[in-house]
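This report concerns only the one structure given below.
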Amino acid sequence: MATKIDRKFRLKLSAQNWLFVILVLVLAGLASYVAREYKKEWDVSLNARNTLSQPTIDMLSQLAGPVNVTSYSTGQEDLRKMVRDFLAPYQRLKPDINLSFVDPREQPKLAQAAGVTVNGEMVVQFGNRSENINTLTEQAFANLIMRLARGTERMVMSLDGHGERVIDGKANHDLGLFGRQLENKGFATGPLNLSVAQAVPADLKILIIAGPKVDLLPHEVKKIKDWIDKGGSLFWLVDQEPLRGLQPIADIFGLVLNPGTVVDPSAQLINAQPTMAVATGYGQHPIARNFTLNTILPFARSIGVDGSRDWRETPLIEVAPRGWLEMSPIAEGTSSVSFDKGKDVPGPVTVGIALERTLNDRPQRVVIVGSGHFLANQYVGLVGNMDLGINIINWLSGDENLITVQPRSTLDAALTLNRTSMMFIVYGFLVLLPLAFLVTGGTIWWRRRRKA
């Protein structure tokens, strides 16, 4: 039975069509609004390299004031697009990161005045400081922002002249890698030989003492003591060796150095020697705020203070909750150590402390860690050692707002294939796959032809 199409039916059908069109337009408008106001991204790249790490996000959130970025790049749209894409995630988090472009060919004097030598080089300005960068990686850009955020360069020096671990040394026991990372963060570093220097420099922000091998002379110790008495900040890495004349410095803090070497059975879980103490717990302190990385402290010793001085003490690093303090000597390379009840001291063991006091209405800060090995070139790359060391220096220098886990490095995303794999891909995709399509198509054509 045919449906009678009259004028009323046509009007009803037209109204339904218009209503459908209006609903589609409304839904499209709502979708456009939601897409503009609410953004959600998924990063499926290796190491999530297209997404800013949480430490970088935290740093940007604490950065007060605009950041001006000038890219000196020619009119090549591909190059400028690469710069825009790189800065886009930073600008979403901090809208006052301003980007502008200058063509160095059209304004060569401006580029020369800015010290630009490479096409695409950027000049980043924050406050009254600026710095050039031509590497578009999160690690490089975040480090540059940290350097600019410090305002003025901080001086960090390590005691030298007595066989110490020096901050610019290249030997396994030295602190050279740590020193270079400090320079990346905006610190000026160098050794300090007090047998030559008249005194500890007045503008020195932090003095590092890391395991002298011979005794300091009394007048050298007095120079350190005078500097501390004036409010200097100290980072002291205490190894198993004697204090080498530094007992007067230890007395300032009421330092208690318990005998024995930390033995940590949990080190076996990472195929390490039992003398490699694994720190998984940290004190309630700005240095360890949101710090969740493990650190490894080889040949660590117990650190404490007697509490009779005017310093406020915070236990900073605790290790070996299932380990102990081994009272017998342990040779390097020993793989098996057993607990001797009645002689050894059960853990956990505090191997790092932070001290603070107010002197002349200004805070004075000291950190003492019972292992110089953990920042040595041989071990500083293990797990979170470098990160914890940088956090300690940031706190000692008064830069609490820059205390964070260091931004991750971009992993190598290159794909390396051997000859067999390359030949398989070449012949598979350029020969075998097209041949399979030809055979399949030919077979289908032949069968259809026979049926016809």
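The values are calculated or read from the model by the stated rules, or taken from the named source; none is laboratory data. Since the model is a prediction, treat every value here as computed from it, not as a measurement. Note: ideal-geometry Cβ built from the backbone for every residue, glycine included; neighbour counts use all protein chains shown.
Here are the numbers for the structure shown:
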read-out	value
Residue that is assigned to a strand (DSSP E or B), within 30 Å of residue 57 (Cα to Cα), at pLDDT 90 or above and of a type in the set (A, V, I, L, M), where the choices are 287, 296	296
Selection from segment 183-197 of residues that are more than 21 Å from residue 393 (Cα to Cα) and in contact with a helix residue (DSSP H, G or I) (Cβ under 8 Å, 6 or more places away or on another chain)	194, 195, 197
Of all residues making up segment 354-395, the number that are part of a loop (DSSP other than H, G, I, E, B) and hydroxyl-bearing (Ser, Thr, Tyr)	2
Hits in segment 119-149 - residues which are within 29 Å of residue 55 (Cα to Cα), free of Cβ contacts under 8 Å to residues at least 60 places away in the same chain and assigned to a loop (DSSP other than H, G, I, E, B)	120, 128, 134, 135, 136
Candidate set: segment 127-154, residues that are touching a strand residue (DSSP E or B) at 6+ places or on another chain (Cβ under 7 Å) and under 21 Å from residue 380 (Cβ atoms); chosen: the one surrounded by the fewest Cβ atoms within 10 Å (Cβ to Cβ)	140
Selection count, segment 52-111, where residues are among the acidic types (Asp, Glu) and closer than 30 Å to residue 384 by Cβ	1
Residue match in segment 118-126 (condition: under 20 Å from residue 62 (Cβ atoms) and modelled with pLDDT under 85)	no
Positions within segment 176-197 being of a type in the set (A, V, I, L, M), touching a strand residue (DSSP E or B) at 6+ places or on another chain (Cβ under 8 Å) and within 13 Å of residue 159 (Cα to Cα), in sequence order	192, 194
Segment 394-452 - residue that is of a type outside the set (Gly, Ala, Ser), within 30 Å of residue 51 (Cα to Cα) and exposed (fewer than 10 other Cβ atoms within 10 Å of the Cβ) and, of those, modelled with the lowest pLDDT	412
Residues of segment 67-95 satisfying the condition of being more than 21 Å from residue 114 (Cβ to Cβ) and either acidic (Asp, Glu) or part of a strand (DSSP E or B) (or both)	77, 78, 85
Residue list for segment 223-256, filter: of a type in the set (A, V, I, L, M, F, W, C) and surrounded by fewer than 16 Cβ atoms within 10 Å (Cβ to Cβ)	256
